[in-house]
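Everything on this sheet refers to the single structure shown next.
Laboratory data are not the source of any read-out in this text; all were calculated from the coordinates shown. For clarity, every value in this text was computed on a predicted model and none was experimentally measured.
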Amino acid sequence: MSALTTAELPVIDFALLSGNQQQQQQVLEKLSQAARDVGFFYLINHGIDRELLDEVQHVARKFFALPQADKSAVAMANSPHFRGYNLAGG
């Protein structure tokens, strides 16, 4: 797999899920291919409110600014559901 620039990230338009069956199938195929082949994608027209997105980003920044001990307290290794914090490169 080669390195991608931002412009090369697949763009998935979720508004098409409200379209006809062919459009819905195309969206699902693009989403599947992007997740499988690239591992990342840029989602547009998803209907998530900008204020909510901003709040989630704010809370995430606050979490990652916490001391390592606090983040480690919710380590993924302690979860039976593979949820939680995982130290990058760790």
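Report relative contact order for the chain in percent, whole number only (criteria: Cα-Cα under 8 Å, sequence separation at least 6). Before the final figure, lay out the partial values.
Numbers: 61 pairs, mean separation 19.0, N = 90.
Over the chain, the number comes to 21 percent.
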Subject >> Hz values of 3J(HN,Hα) by residue in the range 77-82 - Karplus curve (6.51, -1.76, 1.60), Gly and Pro given as x >> reply: 4, 8, 9, x, 10, 6
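If you wrap a convex hull around the C-alpha atoms of the chain and split its volume per residue, what is the figure in Å³? Write down the numbers at each step before the final one.
Numbers: hull volume 14.5 nm³, N = 90.
Taking the convex hull of the Cα positions in the chain, it is 161 Å³ per residue.
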